[in-house]
Each structure stands twice: as C-alpha cells, then as structure tokens.
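Trainee: Below is a structure I'd like to ask you about.
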C-alpha cells in the first residue's frame, strides 16, 4: 500500500488533510507592517483655516479623511452661464484625456481581480494526442532488443494547485492592487476636475477677449471720428498737419491690436474644441449667448478640512497604502511557500477505452518552496519596497503642502484682484473725465491735440485693464474651486462646517 493509497482509501485521513489545509489558511498571518497614515512632520503645525490671516489659527496635523470619492456635482452651474454648461457637458462626454484616465481606472480594476484570483485553486487541462515510435535499440534487454513499436498515446490530464497563504503574501498583493485601484479612481476624478476647470478658465478668458475686441472696435470708431474732426479742423486752418498725423497714427495703432486679439481668440476656441472632443475647424460658441459676469460668493477663509475633497491628495494617500502592502509582499518572500498540488486524468493507447476507469491516473501532494539562498535578492527587494514607501510618504506630504499653497494663492488672488479692479474702475472714471475735459478744451482751441491723444490712450489702457481684471477674477474663482477639489458649494459660507467624510 502506497502513500497515495492511504490518502485516497482512508476517509478519516482524507478529511484530516482537508481539515489541516483549512486550519493552515485560517491560522495564516500577514507579515509586514499594517497600513497606518504617516506621523506628522516634526515641528510643523498646519493651519486650521486658510485665507484671511486674522482668522487663521495654527493647529496640528489631523487624521486625514480624503473625501474625493464624494459626488461633486456640476459646480460650474454656480456661474449661471448656459454656454458654459453646454461646453462642460460636451467635455465630460467627449474629452479624450478623461477616456485615457477611465481606461487606466478599468485596468487597475482588472488588476485587483488578477491578484484576487490567487486566493482560489488554479486548474488547467491539456489534452493531447501523440503518435510515436520507440527505438529498436533503446531497450537493454535481449528480449526487446531489435524490436520497435509504433503507437498513439491519448492523454487528457488536469492539474490543480493552490497556495496556502500562510504569511499573507496573496493578501498583501490584493491589498496593494486594491489601493492602486482606489488611487486610479482618484486620478480619474483629478483628471476630470482639471479638465472641467480648464474648460471654464479657457471659456472665461475667451469671453474676456471677446469684450476686448468689442472695446477695440468701439475705440477704432471713436478714433476715426477724432481723425475726421482733426482733418476738418485742418482744412479750416484751425488744426495743424501734425495733429492729423497724430490722430491717424493713433487710429492705425488701435486697428493693429485687433488681429492680435483675434489670434488669441482663435487659439482659445481651438483649445476648447479639443477639450470638448470636437474638431477645431468647425467648433464655435453658440451665437447670441450672454456670458456670466457675476462671481459666486467668495469666502474670506475656508476650513482646511475642505482640502480633503482634492482627488490628488486622496490618490497620494492611497499610493502610500499600496506601497505599504508591497513591503508586506517583499517580507513574505523570506518565508516558505506551501502549495498543494493535484493532477489526474486519463491515458490510453486506444481512443475507445480512453475514458475507461483502468485508464485513469492521479497524483496529489504538497510542495514547499524554501528561500535558502537567493544571493541577497529578497533583502534587496525588501529594501526597495521600503524606500518606495518612504517616497510615497514624502510625496503625500508634498501634495498636501502644495495644496495649502494652491488654496492660499487663489484666496489671495480673490482679494487682491478685487482691490485692483476697484482701483482700476475708479481710475477709468477719472481718465474718462480727463478725456472729456481735453476734448472740450481742444475744440475750444485752448489745448493741443497731443493732450487729447494722451487722455485717450489713458482711457484705452484703463478700459483694457478693467476687462482683463474681470476675466482674471472669473478665472481665479475657477482656480479656487479646483484648488478645493470642487468641495466648495454655493450653499457654504465662511462659517459653514465641512461635510462629514469617511476615509477610503
């Protein structure tokens, strides 16, 4: 009686083997460090609030609870611009960068299933038919020497193997794959948010250029009237030829700026076409639409917890978890690997009795792989995994610090652009009053036309600045919403509490 006969013919011992395998699985542990979010940076307090320094208090690192997975909704509707809504819908549906990020997300999802497959037995079959001839001189016995045989070998084997995950190697692989999958989901959200913000920024910049073209066109009309007036006064002997030349130069200079602005408009329109997944040649904004002019309510300061809505922070945190799991995988390489193997099937030289019971064959037994000597490979792989984890920790902290900088930059932009716009608006009113006085004095013959030209140039400069600042304020508000991960909603105020969020 062989070992295999004992296993197959003794019900109690066969059940004992299954019980032993189950016990090994249940008793298995996961080697390597369990994931915990990194400790705070030493002596580096973080602000509880961002924005106005008078309301900012210093606190300590808090346990991060990234909430990038929470729904953001159509945040661009805060601007109440129907054309922007249309462009965002086009981009969300057709943008190819989002398609790439979505494909990466689906690939990461599939990788989780690939890693999880190692929890289950792997079974394969390899049926074959072999026609073969034996050598007449291969047999050492005199009885068989000089004789050969030709026959067909039919084989239907099946092999099964299952690794007992005693040290958690497979569990750590699945943990790493799942964390990478969650990071790819956050990458998808980050790509979507960046694309949406870029659409809004390009759209508002394009509208600002549209306003500049209108202003330049009106300026050209006004300068043409000034040139006509100067020419009439020159014919009447009141104005000099120098006045006519100066008026003509000013008119042509204004006209020369229109093509430059139109070039910028065309380039932005083409950029919007690509973002919306459209052909640039035929893409155009809907005619006769009114652009948004109002801003959402801008808070003076925001709670720092709102940064948890940023998908790049959430992705960096998930990559730390994946790298930590890889340390466990590298640690498991130092331990034995137990695999249970089984094979069986049918073999025969006749197809008619291939599946007859006497044709069956089988084998079963465990195998153990012991890492006795690997030339330092396992130790080097563990060191590499630990270094990779340290890198993700530093990358996570850098992402958080950059996020604080980003929000502070955009909050500062809201404040100082508003102040600059107020001053420019006041300066425009004063320049317009100066121009009115200069025109009256020139018509009365008490002032040179050069003074009128100087006043007109000043008005033109301030008008252009006001238009550009309005566009910059809209773009900066988009940048602020993006910096906050679109977690800022119109219903929030400076005293609002952040929505509760659960960690990944």
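Since every read-out is calculated from the coordinates, none of them should be taken as a lab result. Being a predicted model, the structure only gives us computed values, none of them experimental. Neighbour counts run over all protein chains shown; Cβ positions are idealised from the backbone, glycine included.
Trainee: How do 368, 244, 349, 174 line up, fewest other C-beta atoms within 10 Å first? Mind showing how you got there, number by number?
Mentor: Details: 368 8, 244 18, 349 14, 174 22.
Fewest-to-most ranking of 368, 244, 349, 174: 368, 349, 244, 174.
Trainee: Measuring from label point to label point, each 7 Å out along Cα→Cβ, what is the residue 270 to residue 363 span in nm?
Mentor: With each label placed 7 Å out from Cα toward Cβ, I get 6.8 nm.
Trainee: Any chance you could check the Cα centroid distance between the range 78-120 and the range 256-285 for me, in angstrom?
Mentor: Comparing the Cα centres of the range 78-120 and the range 256-285, I get a distance of 26 Å.
Trainee: Take the alpha carbon atoms of the range 446-478, find their center, do the same for the range 328-389, and report the distance between the two centers in whole angstrom.
Mentor: 78
Trainee: Give the shape of the range 265-408 as rounded, prolate or oblate, defined through the alpha-carbon gyration tensor: a ≥ b ≥ c are the square roots of its eigenvalues, a/c under 1.5 means rounded, and otherwise the shape is prolate if a/b is larger than b/c and oblate if not. Write down the numbers at each step before the final one.
Mentor: Values: a/c = 4.07, a/b = 1.85, b/c = 2.20.
The shape class here is oblate.
Trainee: So if R0 is 45 Å, what FRET efficiency would residue 214 and residue 106 give, r being the distance between their Cβ atoms, rounded to the nearest 0.05? Could you put the intermediate results ahead of the total?
Mentor: Values: r = 46 Å, r/R0 = 1.03.
It comes out at approximately 0.45.
Trainee: I would also like to ask the following. What is the fewest-to-most order of 339, 205 by other Cβ atoms lying within 10 Å of their Cβ? Present the calculation step by step, with values, prior to reporting the outcome.
Mentor: Numbers: 339 14, 205 20.
Fewest-to-most Cβ neighbours within 10 Å comes out as 339, 205.
Trainee: Now, a different point. In whole Å, what three semi-axes, largest first, describe the equivalent ellipsoid of the range 345-440 built from its Cα gyration tensor (square root of 5 times each eigenvalue)? The partial results should precede the final answer.
Mentor: Working: eigenvalues 1399, 147, 20 Å².
The three semi-axes for the range 345-440 are 84, 27, 10 Å.
Trainee: Right, another one. Is any residue of the range 312-336 close enough, with backbone N under 19 Å, to a label point placed 7 angstrom from the Cα of residue 380 along the Cα-Cβ axis, and if so, which?
Mentor: Output list for this probe position: 327, 329-335.
Trainee: Students often check this: by mean Cβ neighbours within 10 Å, which of 183-190, 155-162 ranks highest, and how do the rest follow?
Mentor: Numbers: 183-190: 22.6, 155-162: 16.2.
Those peptides, ordered most packed to least, come out 183-190, 155-162.
Trainee: How would you classify the range 140-284 from its alpha-carbon gyration tensor, with a ≥ b ≥ c the square roots of the eigenvalues: rounded for a/c under 1.5, else prolate if a/b is greater than b/c, otherwise oblate?
Mentor: Because a/c hits 1.5 or more and a/b exceeds b/c, the range 140-284 counts as prolate.
Trainee: In nm, to one decimal, how far is the residue 99 label point from the residue 77 one, both placed 7 Å along Cα→Cβ?
Mentor: Here the modelled spin labels are 2.7 nm apart.
Trainee: What relative contact order, as a whole-number percentage, does the range 224-287 give when Cα pairs under 8 Å and 6 or more residues apart are counted? Kindly include the intermediate steps, with their values, before the conclusion.
Mentor: On the way: 28 pairs, mean separation 12.7, N = 64.
The normalised contact order for the range 224-287 reaches 20 percent.
Trainee: Modelling each spin label as a point 7 Å along the Cα-to-Cβ direction, I'd like the residue 248/residue 282 distance in nm, to one decimal.
Mentor: That separation, rounded to one decimal, is 4.7 nm.
Trainee: Can I ask one more? Could you calculate the contour length gain from residue 422 to residue 225, that is, 0.36 nm times the residue separation minus the distance between their Cα atoms, to one decimal place in nm?
Mentor: Details: separation 197, 0.36 × 197 = 70.92 nm, distance 3.02 nm.
Here the answer is 67.9 nm.
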